[in-house]
Structures are given as structure tokens and as C-alpha cells.
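Undergrad: I'd like to ask some things about the structure below.
Rule-based calculations on the coordinates, nothing more; no lab input. The structure presented is a predicted model; accordingly, all values stated were derived computationally and were not measured. For neighbour counting, all protein chains shown are included, and Cβ atoms are generated from backbone atoms with ideal geometry for every residue, glycine included.
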Amino acid sequence: MKAIIPYLNFDGQTEEAMLFYKSVFGGEFMGQGIMYMGDVPGMDNLPEEEKKRVMHVTLSLGNGWMLMASDTLPSMGHKLVKGNNHYILLSPDSKAEADRIFQFLAEGGKVQMPMQDQFWGDYYGIVVDKFGIQWMINYSSNS
């Protein structure tokens, strides 16, 4: 396996979400940057609102890590269902970085478990961000 890349779907919020994640994690948008549905060949018949939705975006975070995302298209029968069947686990390089990331992601979101030292020896917390994405932040001084 070369990489594990979280791919996120949103209902018209991809651009806002990915700009937010870029502000939290840094990095750069790859390739053509943010590609919109209206720029895709054969999508001329989409409703005007859907032409502004994101077809694809990749945020490169360095060292081979990245986040990818796109929007759903309601006119094509897509329905986004926010579920609890996925988390993205991040392992920051320091306790301070863990706190910084956690605080940014918690803005407008919901803390499920505050950052704290855990019985297994790591510093860990869980937050659901304002877009409904669930994040586990785990700092281990042993890695």
C-alpha cells in the first residue's frame, strides 16, 4: 500500500471545508487546484447552483499525506448522509501541535472527548468539526 488518503464528500461545502482544512494544516492544492462541476465536459445541463460545486480537490499536506474531496450532485440523485462510520486519525509531532489542531477543528464543531492524557500513555481527544467530519487527535511521545 502506497498511501491511505481520506476522501471527503460534502453537500455544496467542499470549497469552504477544504479552505478551512488548508488554514488548519497548511499545504497546497494540487494539480489544477479546485475543479468545479461546471468546468467538466458534458456537465452543461447541470443546474446553475450545481455548476459551482466542487468536482475534485486535493490538498497536499507534505510527506505524501493528502486530503481529497468533492461535492454531491442532488440533480443526479446523490444524497449526502453524515454518519458516524469514519474518523480521520492525526498523529501530531508535539502536544502543543495536538492542542492547536484540536482547537481549530473544535471551532463551530463539537468536542466528543477533550484532549487529555490517556491510560495507554498518549495524549488524545476526539472532535467533530463544523462540517460533520470526525477527527481523532493522538500524540504519542513514544513515536
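Undergrad: Take the Cβ-Cβ distance between residue 25 and residue 75 as r, set R0 to 25 Å, and report the resulting FRET efficiency rounded to the nearest 0.05.
TA: The pair residue 25/residue 75 has a calculated efficiency of 0.20.
Undergrad: Antiparallel DSSP bridges in the chain: what percent, to the nearest 5?
TA: Percentage antiparallel, nearest 5: 75.
Undergrad: For the chain, modelled as a Gaussian network with Cα springs under 10 Å, which listed residue fluctuates most, 30, 76, 68?
TA: With Cα springs under 10 Å in the chain, the top fluctuation among 30, 76, 68 is at 76.
Undergrad: Classify the chain as rounded, prolate or oblate from the Cα gyration tensor: take a ≥ b ≥ c as the square roots of its eigenvalues, call it rounded if a/c is under 1.5, otherwise prolate when a/b beats b/c and oblate if not.
TA: Since a/c reaches 1.5 and a/b is larger than b/c, the shape of the chain is classed as prolate.
Undergrad: At 25 °C and a viscosity of 0.890 mPa s, what translational diffusion coefficient does Stokes-Einstein give for the range 25-71, taking Rh as the Kirkwood radius over Cα pairs? Give it in µm²/s as a whole number.
TA: Approximately 214 µm²/s, per Stokes-Einstein.
Undergrad: In Å, what Kirkwood hydrodynamic radius results for the range 88-139 from the alpha-carbon pair distances?
TA: 10.6 Å
Undergrad: What are the residues whose amide H is under 5 Å from the amide H of residue 69, where those residues sit 5 or more places off or on another chain and H is modelled from the backbone?
TA: Here 8, 57 satisfy the definition.
Undergrad: Based on DSSP H runs of at least 4 residues, each adding -39500 (n - 2.57), what is the mean residue ellipticity at 222 nm of the chain after dividing by all its residues, to the nearest 500 deg cm²/dmol?
TA: The helix-only estimate for the chain comes to -5500 deg cm²/dmol at 222 nm.
Undergrad: Out of 128, 81, 111, any idea which swings most in a Gaussian network model of the chain, alpha carbons joined below 10 Å?
TA: For the chain, modelled as a Gaussian network with Cα springs under 10 Å, the answer is 81.
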